[in-house]
């Protein structure tokens, strides 16, 4: 799995597409969970935290943005290959946001990180096959 993540994370096109995909997932889920239209960006620290929660080993000394690129690129890759749908990702994140409420930025970010971790692990399993965690 580590080699697959390295290849995906080095593809800047995938990370740019993934950035747009992740922001759409986040905006859609937050809009649905709050009942109000929302458009926003996922902070790099949330995606970085999602990697930690997932237990994925990454090269040392990566900053939040570089760690976020791994998540973004992986989700874009899975989506492009038909291994992950937008609706599926929105549903998981929406449930995660509803579970914590959005009354505190810290709670919202932790809920989003946990949900993105679940989405990321699902994508990894589908890309690499069963037993591909960590």
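Summary of computed values
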item: In degrees, nearest ten, helix 12-34 long axis to first principal axis of the chain (Cα); result: 30 degrees
item: Length gained when the stretch residue 86-residue 36 is fully extended (0.36 nm per residue, less Cα-Cα span); result: 16.1 nm
item: Relative packing of 80-91, 55-66, 24-35, which averages over residues the other C-beta atoms within 10 Å, highest first; result: 24-35, 80-91, 55-66
item: Whole-number percent relative contact order across the range 2-128, with pairs defined as alpha carbons under 8 Å at least 6 apart; result: 33 percent
item: Nearest 10 degrees, 0 to 90: helix 44-54 Cα axis against the chain principal axis; result: 70 degrees
item: Crossing angle, helix 86-100 versus the chain [Cα axis fit, 0-90 degrees, rounded to tens]; result: 60 degrees
item: Computed [θ] at 222 nm, helices only, for the chain once each DSSP H run of length n ≥ 4 contributes -39500 (n - 2.57); result: -24500 deg cm²/dmol
item: Ratio Rg/Rh, restricted to the chain and using Cα atoms, in which Rh is the Kirkwood radius; result: 0.94
item: Förster radius 22 Å - calculated FRET efficiency between residue 66 and residue 20 (Cβ-Cβ, nearest 0.05); result: 0.75
item: Sequence ranges 9-17, 108-116, ranked by mean other-Cβ count within 10 angstrom, highest first; result: 108-116, 9-17
item: Full-stretch length increase - residue 7, residue 110 - with 0.36 nm per residue and alpha-carbon distance subtracted; result: 34.3 nm
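Here, each number is a calculation from the coordinates, and none is a lab measurement. Remember, predicted model here, so these are calculated numbers, not experimental data. Every residue, glycine among them, receives a Cβ derived from its backbone with ideal geometry; neighbour counts consider all protein chains shown.
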